[in-house]
Amino acid sequence: MNKYPQLESREAYQTFYEEQGAKSYSNAHLTKSHPRVEFLLSSLTSADYVLEFGCQDGGMTKFLAQYCKGVYVCDISSTYIERAKQYTAGLDNVQFEHCFAEDKEMSPVFDAVVAMEILEHVIAPEAIVLAAHSALRANGVLIVSVPIGWPNDIYEHVRQYTTQSLYALLSAYFSNVSISYHPGPKGWILAKAYK
């Protein structure tokens, strides 16, 4: 059940995340030794072109740009995009687009699609996973993390995942899905899904 029924319309959803982008929460504290960053980078090579869904303030985007050949970012919040541009200033291999990822015409040109802490926020996660599948080259990988044990009321999560429900979502579109769990009071479910 959606704890944020006001986010059922796309317009309300976009307005909400424009306002969120103006808040001070940041991923800039992440280091390469953070479990989510290690998981992300272990799935990529320096020759990869990556599509990132949702950039928040650019914390993950910066790691991607420093490690990969090129990064293309889709985010519905122009405020988050501006914050991410500031955080990734000086990196010339990052492009940003203000859009709903599921609306974008996707061609299979990316080696990886990254959706870190995105699926628990979106109205239609199936559309995001399908967009990722469409954007990936043959043998490309969708890299996902979702929180587990985080309070919905604080983080505006419209849904929660278990390892089983995330596996079911990803395996509807991808044939090779692996799931791992990083425990803790506020842990993560980490997944890789290969095309």
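The values are calculated or read from the model by the stated rules, or taken from the named source; none is laboratory data. All values derive from a computational prediction rather than experimental measurement. Cβ atoms come from the backbone with ideal geometry, glycine included; neighbour counts cover every protein chain shown.
When you go through L64, L30 one by one, which is the residue that is modelled with pLDDT under 90, of a type in the set (A, V, I, L, M) and closer than 28 Å to A124 by Cβ?
Working: L64 fails: modelled with pLDDT under 90.
Result: L30 is the single residue among L64, L30 that is modelled with pLDDT under 90, of a type in the set (A, V, I, L, M) and closer than 28 Å to A124 by Cβ.
If you check every pair at least six apart or on different chains, which have Cβ atoms under 7 Å apart with a residue in the stretch 167-195 that is under 20 Å from E126 (Cα atoms) first and a residue that is in a loop (DSSP other than H, G, I, E, B) and of a type in the set (K, R) second? From residues that are under 20 Å from E126 (Cα atoms), the pairs are F174/K195. Just give me the residues in the stretch 63-80 being in contact with a helix residue (DSSP H, G or I) (Cβ under 8 Å, 6 or more places away or on another chain) and surrounded by 19 or more Cβ atoms within 10 Å (Cβ to Cβ), in sequence order. Result: F63, L64, V71, V73, C74, D75, I76, S77, Y80.
Checked against the criterion of being of a type in the set (A, V, I, L, M, F, W, C), more than 14 Å from the chain's Cα centre (by Cα) and within 20 Å of L41 (Cβ to Cβ), the stretch 176-186 contains one or more residues that satisfy it.
In the set (1) under 23 Å from E156 (Cβ atoms); (2) in a loop (DSSP other than H, G, I, E, B); (3) in contact with a strand residue (DSSP E or B) (Cβ under 9 Å, 6 or more places away or on another chain), C74 fails one condition alone, (2). Here is the figure for the stretch 46-78: residues that are farther than 14 Å from A115 by Cβ and in contact (Cβ under 8 Å) with a residue 60 or more places away in the chain total 5.
The residues in the stretch 93-105 that are more than 13 Å from V73 (Cα to Cα) and of a type in the set (A, V, I, L, M, F, W, C) can be counted, and the count is 0.
On the given criteria, is Y194 under 23 Å from E38 (Cα atoms), surrounded by fewer than 19 Cβ atoms within 10 Å (Cβ to Cβ) and either modelled with pLDDT under 95 or aromatic (F, W, Y) (or both)?
Details: under 23 Å from E38 (Cα atoms): yes; surrounded by fewer than 19 Cβ atoms within 10 Å (Cβ to Cβ): yes; either modelled with pLDDT under 95 or aromatic (F, W, Y) (or both): yes.
Here the answer is yes, as Y194 does meet what is asked.
Applying the criterion of being among the hydroxyl-bearing types (S, T, Y) and within 14 Å of the chain's Cα centre (by Cα) to the residues of the stretch 37-88, the residue that is farthest from G187 (Cα to Cα) is Y72.
Please enumerate the residues belonging to the stretch 81-98 that are part of a strand (DSSP E or B), at pLDDT 95 or above and surrounded by fewer than 22 Cβ atoms within 10 Å (Cβ to Cβ).
The first filter runs over the stretch 81-98 and keeps only residues part of a strand (DSSP E or B), leaving 94-98.
Next cut, at pLDDT 95 or above only: 94-97.
Residues satisfying the conditions are Q95, F96, E97.
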